[in-house]
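The values are calculated or read from the model by the stated rules, or taken from the named source; none is laboratory data. Values in this document were obtained by computation on a predicted structure and should not be read as measured data. Every residue, glycine among them, receives a Cβ derived from its backbone with ideal geometry; neighbour counts consider all protein chains shown. Side chains are part of the model used for accessible areas, which takes the heavy atoms of the whole protein and leaves out ligands, DNA and RNA. Shrake-Rupley method; radii C 1.70, N 1.55, O 1.52, S 1.80 Å.
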Amino acid sequence: MIIFETVQDFRAFMDERSVGQTLGFVPTMGALHQGHLNLVKKSMQDNDLTVCSIFVNPTQFDNPLDLEKYPRTLDADIAKLEQVGCNLLFLPSVKEMYPVYPPILFAPDLGMMLQVMEGRHRPGHFAGVMTVVKRLFEIILPNKAYFGEKDFQQLRVIQKMLEHLSLDIEVIPFPTVREKSGLAMSSRNVRLTDEEKDLALHIPRVLLHLQKRVSESPDQMSAILQQTTEELNSISGLKLEYLDIVDENTLQNVEVRPADVPIRACLAAYIGKIRLIDNMRL
Ligand code: AMP
């Protein structure tokens, strides 16, 4: 795997490549787990070359402590990427990404999609995400970019953002990879104690139960959502931030299942000091 720390080195390498070779891109913040690696493997199946980036993007953290405590495991990350056969790693510094800091944010108004869930509870988060993804896209210029459904709202925001940019990049969504226990893999899971990990298992359990109940009684969706919210609120040690059932296109709450658009239950909850998100299609 070739590692690039500067935009100039990466572009010089790419400009030497023969035209027509396809490039897949997997942006990450490191502390890599099987979820990230499956995205890399998918990109390797679909493209001639795959580039992964590791950059803990300061502009998307609304909580300074979360940024400070974000796990950084670079040596292990490089070993994992080598093991799956990733071709290229882009590893920029903050200075390389943002020559002037703080950068001018790229934050187009994507309407109500930004006002809900993560957008509502993490002010400025998506402005930071769009800023870094636009910059990475313009540097890497991939044919395809791979994003996990684990961060479903982020995936939709990036797809929507691309509609406003003249970049010929296809976003490929990838299903959430889970531990055997059902817990969605996340870099933040390493910060959970064993006890907290047990508590976190309520999240996939409750989402699966919600999925089953809504499929059995679709006309009872609102009541089921309310009962599920109450159930989560009654678990001591788990602090629910939101549980919403949304239209997958607009991300707006739905009370009745629409005929033509899939719907998804999305939640965020604190287990101790760690904020976890998860979602499931209903
Ligand atoms: P992150 O390093 O958390 O910024 O994530 C980088 C990419 O990996 C994003 O597109 C995430 O949605 C994706 N990702 C993170 N966790 C998972 C998972 N458990 N399953 C699938 N994709 C994931």
Counted residues, segment 28-59 - those being within 27 Å of residue 182 (Cα to Cα) and in a helix (DSSP H, G or I): 12
Residues satisfying the stated conditions in segment 166-180, i.e. among the hydroxyl-bearing types (Ser, Thr, Tyr) and either modelled with pLDDT of 95 or more or near the ligand (Cβ under 10 Å from one of its atoms) (or both): 176
Filter pass, residue 50 being exposed (fewer than 14 other Cβ atoms within 10 Å of the Cβ), under 19 Å from residue 137 (Cβ atoms) and β-branched (Val, Ile, Thr): no
One residue from 155, 165, 141, 105 being surrounded by 18 or more Cβ atoms within 10 Å (Cβ to Cβ) and either outside the structural domain of residue 241 (by TED's automatic domain parsing) or over 24 Å from residue 50 (Cα atoms) (or both): 155
Check on residue 219, away from the ligand (no atom under 16 Å from the Cβ), open to solvent by 70 Å² or more (accessible area, probe 1.4 Å) and assigned to a loop (DSSP other than H, G, I, E, B): no
Subset of segment 124-165 that is within 14 Å of the ligand (Cβ to nearest atom) and not in a helix (DSSP H, G or I) - its residue that is farthest from residue 247 (Cα to Cα): 142
Where a residue in segment 174-186 is without any contact (Cβ under 8 Å) to a residue 60 or more places away in the chain and assigned to a loop (DSSP other than H, G, I, E, B) and its partner, wherever it lies, is of a type in the set (A, V, I, L, M) and within 6 Å of the ligand (Cβ to nearest atom), with Cβ under 9 Å and at least six apart: 179/185
Subset of segment 181-207 [within 13 Å of the ligand (Cβ to nearest atom), open to solvent by 40 Å² or more (accessible area, probe 1.4 Å) and farther than 16 Å from residue 32 by Cα]: 181
Test result for residue 87, in contact with a Leu (Cβ under 6 Å, 6 or more places away or on another chain), assigned by TED's automatic domain parsing to the domain that holds residue 97 and more than 11 Å from the ligand (Cβ to nearest atom): yes
Residue identified as among the polar types (S, T, N, Q), touching a residue at least 24 places away in the same chain (Cβ under 8 Å) and touching a strand residue (DSSP E or B) at 6+ places or on another chain (Cβ under 8 Å) among 59, 131, 73, 50: 50
Filter result (in contact (Cβ under 8 Å) with a residue 60 or more places away in the chain and either assigned to a loop (DSSP other than H, G, I, E, B) or closer than 14 Å to residue 222 by Cβ (or both)) within segment 240-271: 244, 246, 248, 249, 250, 251, 252, 253
